[in-house]
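The structure under discussion appears below in the form of structure tokens.
Rule-based calculations on the coordinates, nothing more; no lab input. What you are looking at is a predicted structure, and each value in this text was computed from that prediction instead of being measured. We place every Cβ from the backbone using ideal geometry, glycine too, and count neighbours over all the protein chains shown.
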Amino acid sequence: MMALKEFNIPFVGLKEGKHQFEHKIDKTFFEAFQFDEFHDANVAVEIELIKKPNMLELSFTGDGTVNVDCDVSNEPYDQPVDASLHLVVKFGEEYNDENEDILIIPHGEHQINVAQYIYEMIVLAVPAKRIHPGIEDGSMSSEILEKLEEYQPKEEKNNGDTDPRWDNLKKLLTDK
């Protein structure tokens, strides 16, 4: 992964209080992480940094879309992304990011790179199962969907005849 220097936030010269930072995230951002599941991306990320005497609080919000393939039809579509992340940065003897909500950086540091946190926030905001909106509302038609319909198991009609073995088992439930 590249350093992505434009995502460095120098906090040493900032006064105590709230500070705002904005970033536009596109496909090149994810290419820097060698992440190729998104065909395109257009996400606006806002970062609110609250500087306190002994720590920093970072609140990330991301809003936009990422272009992904549907897991059912393999058709590309724009998946809406609405994400947020809260991070507390404390100062200590050495760098420690074992806790996902708290980052400890050495006392001598003067900036923090937020690229990894933006990346994780956006990737985790995309649902595990990605379904094209046209499939959910039934407006999409494609060869793949037609084949899935064709191979879907058909309901068997047995004219009321049931297997006598199941009838005996059902009696166990009703005989009390």
For labels at Lys147 and Asn54 in the simple 7 Å Cα→Cβ model, what's the distance in nm? 6.3 nm
Over the chain, with a Gaussian network built from C-alpha contacts below 10 Å, which listed residue (His86, His132, His107) shows the highest mean-square fluctuation? His107
Can you list the aspartates and glutamates whose alpha carbon is less than 19 Å from that of Lys170, not counting same-chain residues fewer than 8 positions off? Asp161
Which GluC sites (Glu not before Pro) does the range 88-151 hold that lie in a coil by DSSP with at most 14 other beta carbons within 10 Å? Glu93, Glu94, Glu98, Glu100, Glu109
Inter-site label distance for Lys5 and Thr65 at 7 Å from Cα along Cβ, in nm: 3.4 nm
Under 21 Å Cα to Cα from Lys147, which lysines show up? Leave out anything in the same chain fewer than 8 places away. Lys129
For the range 67-130 and the range 1-40, write down the distance between their C-alpha centroids in whole Å. 11 Å
Report the full-extension gain for the segment Lys170 to Glu136: residue separation times 0.36 nm, less the Cα-Cα distance, to one decimal in nm. 8.5 nm
Over the range 1-140 - Rg/Rh using Cα atoms and the Kirkwood inverse-distance radius: 1.05
As I understand it, the value is the acute angle between the Cα axis of helix 115-125 and the longest principal axis of the Cα atoms of the chain; what does it come to in degrees, rounded to 10? 20 degrees
